[in-house]
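Participant: Can you read through this structure? Questions will come right after.
The values are calculated or read from the model by the stated rules, or taken from the named source; none is laboratory data. Note that this is a predicted model, so its numbers are computed, not measured. Glycine also receives a Cβ, built like all others from the backbone with ideal geometry; neighbour counts cover every protein chain displayed.
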Amino acid sequence: MKTLIIVAHPQRNESVTQTFFRDSLANLDNVTWHPIEPQFDVKEERQLLISNDRIILQFPLYWYSAPALMKKWIDDVFGDTFALAPEFVMEDRELGLVVTTASAGDDFGAGKPEQFTMSEILRPFEAMTKKVKMKYLAPFVVHQFGYQTEEQHEQLLTDYQQYATNSDFQDFSGQTKWFLAQLKNKMNKLDNEYDIIMVQSLYDQLESGQDELKDLQWTLSMIKNAGEDKNGNNGLD
């Protein structure tokens with residue numbers, strides 16, 4: 001899977017959050033970090049889109065929407081029926097959103113200071129995705145990055161990497177497979193025998209847990225099927 005991350009931020013180079021995101025992708029394959037410049041070539045941008053499988057629009061929340069540069073990029077690049085009928089050139093590709101905000105997560109929702117949920121605020125992007133027959137991913141929202149602890153940043157780094165590169169990031173089994181792949185890749189780059197043994201041990205533990213999860217899923221499936229058979233008519237009239 002190839003991922004294209006379209007970044008729109010008025011102070012991108014001064015943004016600690018955007019620098020954090022960019023650096024977290026440094027050693028990952030098949031991910032393109034693509035900041036939008038004020039002047040861009042529409043044909044080149046469209047070629048980038050159709051050459052990737054997952055498109056991520058990344059921006060800070062400005063007045064409950066994207067910054068003007070992102071809006072202009074969408075208007076120009078998706079304009080002129082580029083992604084519409086009859087070709088639907090973006091069909092079945094994925095579109096995700098990485099949105100940063102200075103507000104706390106608890107501020108969003110009915111009866112809260114912001115009144116609306118983030119899903120409601122970002123609904124126009126979901127509508128656009130459906131219009132061009134792309135697959136809409138659950139938005140990746142980061143609240144108050146500057147107030148987060150180092151431990152929270154470590155978790156955020158992993159979650160962000162998965163959002164960018166893991167085709168099954170919303171599934172626990174898919175997350176485990178992703179971690180196994182990352183550990184295996186790390187082992188291949190290690191030279192110190194002690195480090196290799198430690199990473200191999202972690203790999204084995206995680207892989208064992210994956211097998212246990214499969215057994216649990218199989219057991220639950222059998223229980224569910226047994227319940228359906230009991231409540232059904234077993235094929236008899």
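Participant: Under the condition of being of a type in the set (S, T, N, Q) and in contact (Cβ under 8 Å) with a residue 24 or more places away in the chain, which residue from the stretch 52-81 is farthest from residue 162 (Cα to Cα)?
Facilitator: Within the stretch 52-81, the subset of a type in the set (S, T, N, Q) is 52, 58, 65, 81.
After this cut, where a residue has to be in contact (Cβ under 8 Å) with a residue 24 or more places away in the chain as well, the list is 52, 58, 65.
Values: 52: 16, 58: 15, 65: 24 Å.
Per the stated criteria, the residue is 65.
Participant: List pairs: first in the stretch 1-13 and buried (at least 17 other Cβ atoms within 10 Å of the Cβ), second modelled with pLDDT under 95 and not in a loop (DSSP other than H, G, I, E, B), Cβ under 8 Å, 6+ apart or cross-chain?
Facilitator: 3/165
Participant: Can you confirm whether the stretch 113-128 contains a residue that is over 20 Å from residue 60 (Cα atoms) and surrounded by fewer than 19 Cβ atoms within 10 Å (Cβ to Cβ)?
Facilitator: Of all residues in the stretch 113-128, those over 20 Å from residue 60 (Cα atoms) come to none.
No: zero hits.
Participant: With respect to the numbered conditions (1) under 27 Å from residue 155 (Cβ atoms); (2) buried (at least 18 other Cβ atoms within 10 Å of the Cβ); (3) not β-branched (Val, Ile, Thr), which one is the sole condition not fulfilled by residue 46?
Facilitator: Evaluating residue 46 over (1) under 27 Å from residue 155 (Cβ atoms); (2) buried (at least 18 other Cβ atoms within 10 Å of the Cβ); (3) not β-branched (Val, Ile, Thr) leaves (1) as the failure.
Participant: Same structure again: Do we have any residue at all in the stretch 148-164 that's surrounded by 15 or more Cβ atoms within 10 Å (Cβ to Cβ), of a type outside the set (A, V, I, L, M) and over 23 Å from residue 97 (Cα atoms)?
Facilitator: No, that holds for no residue.
Participant: Can you pull out the residues in the stretch 79-97 that are out of contact with any helix residue (DSSP H, G or I) (no Cβ under 7 Å at 6 or more places or on another chain) and of a type outside the set (Asp, Glu)? Working first, answer last.
Facilitator: Quick first cut of the stretch 79-97, residues out of contact with any helix residue (DSSP H, G or I) (no Cβ under 7 Å at 6 or more places or on another chain) only: 79-81, 83-88, 91-94.
The answer is 79, 81, 83, 84, 85, 86, 88, 93.
Participant: Please indicate, with yes or no, whether at least one residue in the stretch 82-103 is in a helix (DSSP H, G or I), free of Cβ contacts under 8 Å to residues at least 60 places away in the same chain and over 21 Å from the mean Cα position of the chain (by Cα). First the steps, then the outcome.
Facilitator: Initially, the stretch 82-103 is screened for residues in a helix (DSSP H, G or I), giving none.
No - not one qualifying residue is present in the stretch 82-103.
Participant: Can you pull out the residues in the stretch 165-186 that are of a type outside the set (Ser, Thr, Tyr), surrounded by fewer than 15 Cβ atoms within 10 Å (Cβ to Cβ) and not in a loop (DSSP other than H, G, I, E, B)? Let's see the steps before the verdict.
Facilitator: The initial filter retains those residues of the stretch 165-186 that are of a type outside the set (Ser, Thr, Tyr), namely 166, 168-172, 174-175, 177-186.
The next check asks that each one be surrounded by fewer than 15 Cβ atoms within 10 Å (Cβ to Cβ); those that pass are 168, 170-172, 174, 181, 184-185.
The answer is 172, 174, 181, 184, 185.
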